[in-house]
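Read through the structure below, which is laid out as structure tokens, and then see the notes.
The values are calculated or read from the model by the stated rules, or taken from the named source; none is laboratory data. Just so it is clear, the model here is predicted, and its values are computed rather than measured. Note that we place each Cβ from the backbone using ideal geometry, even for glycine, and neighbour counts take in every protein chain shown.
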Amino acid sequence: MGALWRGEIDAVEFHVDGGYRFVVHRNVFRTLRGSSAAGDVCVAFAEAHGDAFLAAAAARIASAPSETTRAFHLNSRQVRRAMEGAPSVDSGLTEPGPR
């Protein structure tokens, strides 16, 4: 998935096709995991659940279509919904290939 820890904003960042950037704050991981976690643990969690994070990203993009907005935050409800397999919009998003 290519997730990375951004210490200056205390969040995991990942990118998807179309030039979209997503940020998931450390508190989201605390809610999802049930305990606090260091940055590397947050990245590992995002990578382990990459399909859910990509599904949440697709749903987020679909909920706020814009020609100019390319950066979004995901909250714990959005990610949990995707992890539980709730209906979401499938836009066919994938992580971008090598640049």
(message) Out of VAL23, VAL43, I need the residue that is not small (Gly, Ala, Ser) and not in a strand (DSSP E or B). Which one?
(response) VAL43
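Going through the stretch 1-27 one residue at a time, which ones are farther than 12 Å from VAL43 by Cα and under 12 Å from the mean Cα position of the chain (by Cα)?
Looking only at the stretch 1-27, we keep the residues that are farther than 12 Å from VAL43 by Cα, and these are 8-9, 15-22, 27.
Matches in the stretch 1-27: HIS15, VAL16, TYR20, ARG21, PHE22.
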(request) Find the residue count for the stretch 1-20, including only residues that are free of Cβ contacts under 8 Å to residues at least 40 places away in the same chain and part of a loop (DSSP other than H, G, I, E, B). (result) 4
(request) Considering only the stretch 1-17, state which residues are modelled with pLDDT under 95 and either touching a helix residue (DSSP H, G or I) at 6+ places or on another chain (Cβ under 8 Å) or on the phi > 0 side of the Ramachandran plot (or both). (result) MET1, GLY2, VAL16
(request) Scan the stretch 45-64 and report the pairs whose first residue is within 12 Å of TYR20 (Cα to Cα) and whose second residue is surrounded by 15 or more Cβ atoms within 10 Å (Cβ to Cβ) and of a type in the set (Val, Ile, Thr), with Cβ atoms within less than 6 Å and a gap of 6+ or a chain change. (result) ALA57/VAL16
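Check whether at least one residue in the stretch 18-28 is hydrophobic (A, V, I, L, M, F, W, C) and modelled with pLDDT under 95, and report yes or no. Give the derivation first.
In the first step, residues of the stretch 18-28 are kept if they are hydrophobic (A, V, I, L, M, F, W, C); the result is 22-24, 28.
From what is left, the residues that are modelled with pLDDT under 95 are none.
The answer is no; no qualifying residue exists.
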(message) Based on this model, can you work out whether ARG60 counts as surrounded by fewer than 16 Cβ atoms within 10 Å (Cβ to Cβ) and modelled with pLDDT of 90 or more?
(response) no
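Of these, GLY50, GLY2, GLY7, which one is of a type outside the set (D, E, K, R) and closer than 19 Å to ARG77 by Cβ? Walk me through it before giving the result.
On the way: GLY2 fails: closer than 19 Å to ARG77 by Cβ; GLY7 fails: closer than 19 Å to ARG77 by Cβ.
After applying the criteria, what remains is GLY50.
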